[in-house]
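J.: My structure is below; once you've seen it, I'll send some questions.
Laboratory data are not the source of any read-out in this text; all were calculated from the coordinates shown. All values reported here derive from a predicted model rather than from experimental measurement. With ideal geometry, Cβ positions are generated from the backbone for all residues, glycine too; neighbour counts draw on all protein chains shown.
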Amino acid sequence: MSETYNWRILQNGDLPLQPNGDIHVLVEHRCSAVLVWPENSEPSAENTILVDPCFTAAGYDHALGELARLKITFRDIGRYLITHLHGDHMLHLPSGLVGVQLRPLRPPVNEGLALESLPGHHDIQLGLTLTDTEGRAVWIVGDAILGEDWLRAWQYYWPNGYTAAEIVETWRSVARIMAQAELVIPGHAAPFAVTPDLIRDLIAAFPRARHADQCPDVRQTLQTRLASFEGD
């Protein structure tokens with residue numbers, strides 16, 4: 001039986017920019033930072049992976065509380081994974097923090113984990129996939145999906161100035177995630193479950209997505225996932 005994993009959100013992702021273009025000025029721009037370690041093991045420098053460890057001051061304070069509940073500190077975290085090379089996801093810890101020796105995660109990864117290529121938002125956008133302690137297929141996807149609201153609106157981080165080809169690639173990465181994940185941890189929002197109702201809503205809204213006519217395979221992939229639910 002493949003290894004299963006615990007996970008804990010150390011920093012809750014958020015964005016001032018909203019899918020409709022509004023900007024919530026009191027909201028901090030920060031990525032989701034996720035700690036992963038094997039089930040039936042205490043988290044330690046030998047078995048932990050920290051995904052997107054780019055901490056704001058407030059996010060770092062929250063992370064300290066989460067780590068205290070696990071009875072560890074940042075010094076007990078072994079490896080880190082950066083999902084893509086944008087500044088708000090790169091390794092960033094408070095200055096003056098001593099004794100922390102994070103090492104980058106390099107293939108091959110541990111049994112039960114996989115790195116998935118999810119291009120569009122960035123050429124080397126990666127996701128980390130695992131089966132959690134509840135038996136769910138969990139996808140930690142960085143900015144391949146910013147959050148459930150962005151997903152339902154078929155929106156992307158438009159200030160980055162994407163080409164039509166990159167937007168189409170984004171939708172195909174979204175379809176891959178939706179086809180296989182049961183729980184998604186997005187780059188800038190809370191985790192969400194992949195449900196039949198969500199898939200139905202995505203299928204219904206997809207024709208309004210930019211350049212949807214260039215990737216009809218996305219809708220087909222979603223319909224196949226919906227059929228898999230209905231066949232259960």
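J.: Please give the per residue volume of the convex hull enclosing the alpha carbon atoms of the chain, rounded to a whole number of Å³.
T.: Spelled out: Cα convex hull of the chain, divided by residues, is 128 Å³.
J.: Give me SER173, SER95 sorted ascending by neighbouring Cβ count inside 10 Å, so fewest comes first.
T.: Working: SER173 22, SER95 5.
Lowest to highest Cβ neighbour count: SER95, SER173.
J.: Right, here's the next one. Show me, for the range 28-41, the HN-Hα J-couplings you get by feeding each phi into the Karplus relation (A = 6.51, B = -1.76, C = 1.60, θ = phi - 60°), rounded to Hz, glycine and proline as x.
T.: Coupling constants for the range 28-41: 7, 7, 8, 8, 6, 10, 10, 9, 10, 7, x, 4, 6, 9 Hz.
J.: Okay, moving on. List every residue whose amide H lies under 5 Å from the amide H of LEU17, counting only residues 5 or more places away in sequence or on a different chain, with H placed 1.01 Å from N in the peptide plane.
T.: Here HIS24 satisfy the definition.
J.: Compare the Cα positions of ALA144, PRO53, SER173 along the charge dipole of the chain (+1 at Cβ of Lys, Arg; -1 at Cβ of Asp, Glu; about the Cα centre) and return the one farthest towards the positive end.
T.: Positive-end residue among those listed: PRO53.
J.: Go through the range 142-157 residue by residue and turn each phi into a ³J(HN,Hα) via Karplus (6.51, -1.76, 1.60, θ = phi - 60°); whole Hz please, and just put x for glycine and proline.
T.: Result, ordered by residue: x, 8, 4, 9, 6, x, 4, 4, 5, 4, 5, 8, 6, 10, 9, 7 Hz.
J.: Where is the GNM fluctuation largest for the chain (alpha-carbon springs, 10 angstrom cutoff): THR48, THR221, THR170?
T.: Judging by the Gaussian network model, the answer is THR221.
J.: Also, quick follow-up: Could you list LEU70, LEU151, LEU91, LEU126 so that the one with the fewest beta carbons within 10 Å of its beta carbon is first and the one with the most is last?
T.: In order of increasing Cβ crowding within 10 Å: LEU91, LEU70, LEU126, LEU151.
J.: Nearest 500 deg cm²/dmol is fine: what mean residue ellipticity at 222 nm does the chain get from its DSSP H runs of n ≥ 4 alone, each adding -39,500 (n - 2.57), divided by its residue count?
T.: Using -39500 (n - 2.57) per qualifying helix, the result is -8000 deg cm²/dmol.
J.: Whole Å is fine, so just give me how far the alpha carbon centre of the range 77-148 lies from that of the range 1-75.
T.: Using only Cα atoms to place each centre, the spacing works out to 10 Å.
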